[in-house]
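**Q** Submitted below is the structure of interest, expressed as structure tokens.
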Amino acid sequence: EYDFHFDDNPDNPIDPCATTVDSYVYFGWALLEEHLVLAGEDPNANPPDSVVNPRFALTFGDGNTFTGVLFENYNFVEGNQEPFDKDLNYTDVDPAATERPVYRLREGIERFYITDINNPAATAEAQSTVPIMWDRIAINTTREGFNHLPGGSNVLYLDGHVAFSRYPGEHPISRAYAHLITKFFDPLFGV
């Protein structure tokens, strides 16, 4: 268990430069709000349980059964690159049971998110909205699991810019994402 206080003593102030192997989150797929949250729902609903897309959550990682792509990749077997080199798919909860892709991050991935092909700025706009790496967050802003107390995260986007987002805020610093990632990590760390 990690303690971010100076000298690992909770009586000392928090060390702003402390990091761990899991201080930052990078999955390698373009995880968008539309994947995590049910259509038409508020990603910052409190509590977030009812707005998280259950089909995506099970495909992404089920902390109760240790199944899903994140557990497969977390328990990476050296030499097996297959899980890292493909797009993911899950069946959505909509009435048509639509198969939804989660694209692997790669050059040009933003093209899949352009809705108006006649807009010359669409590529730049798409790149500026796809998060690729961010500080770790959790449901409870006082527990170990948040890099920036009392709550927030730096987010690196596909176009290279970084923005700080307060919790709860825009994806991926939303309650829905925090709920999902906490359910994933807590079983791994025995919480």
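**Q** Can you find, within the range 138-159, the residue that is farthest from G28 (Cα to Cα) among those that are at pLDDT 80 or above and either outside any loop (DSSP other than H, G, I, E, B) or out of contact with any helix residue (DSSP H, G or I) (no Cβ under 8 Å at 6 or more places or on another chain) (or both)?
**A** G152
**Q** Still on this structure: Here are some conditions: (1) out of contact with any Phe, Trp or Tyr (no Cβ under 6 Å at 6 or more places or on another chain); (2) surrounded by fewer than 18 Cβ atoms within 10 Å (Cβ to Cβ); (3) modelled with pLDDT under 75. D49 meets all but one. Which one does it not meet?
**A** (3)
**Q** Starting from residues that are aliphatic (A, V, I, L, M) and more than 19 Å from E99 (Cβ to Cβ), keep the ones in the range 24-46 and report whichever is surrounded by the fewest Cβ atoms within 10 Å (Cβ to Cβ).
**A** Checking each candidate, the answer is A45.
**Q** So for the range 52-61 (the condition being in a loop (DSSP other than H, G, I, E, B), at pLDDT 80 or above and surrounded by 11 or more Cβ atoms within 10 Å (Cβ to Cβ)), does at least one residue qualify?
**A** yes
Residue-by-condition table, conditions (1) exposed (fewer than 15 other Cβ atoms within 10 Å of the Cβ); (2) out of contact with any Ser or Thr (no Cβ under 9 Å at 6 or more places or on another chain); (3) β-branched (V, I, T):
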{"position": "T98", "(1), (2), (3)": "yes, no, yes"}
{"position": "A121", "(1), (2), (3)": "yes, yes, no"}
{"position": "V155", "(1), (2), (3)": "no, no, yes"}
{"position": "H161", "(1), (2), (3)": "yes, no, no"}
{"position": "R166", "(1), (2), (3)": "yes, no, no"}
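**Q** Look through D116, D87, D135 and report the one residue that is modelled with pLDDT of 80 or more, farther than 21 Å from I173 by Cβ and either in contact with a Lys or Arg (Cβ under 7 Å, 6 or more places away or on another chain) or surrounded by 14 or more Cβ atoms within 10 Å (Cβ to Cβ) (or both).
**A** Every option except D87 fails the conditions.
The values are calculated or read from the model by the stated rules, or taken from the named source; none is laboratory data. Because the structure is a prediction, the values reported are computed rather than measured. With ideal geometry, Cβ positions are generated from the backbone for all residues, glycine too; neighbour counts draw on all protein chains shown.
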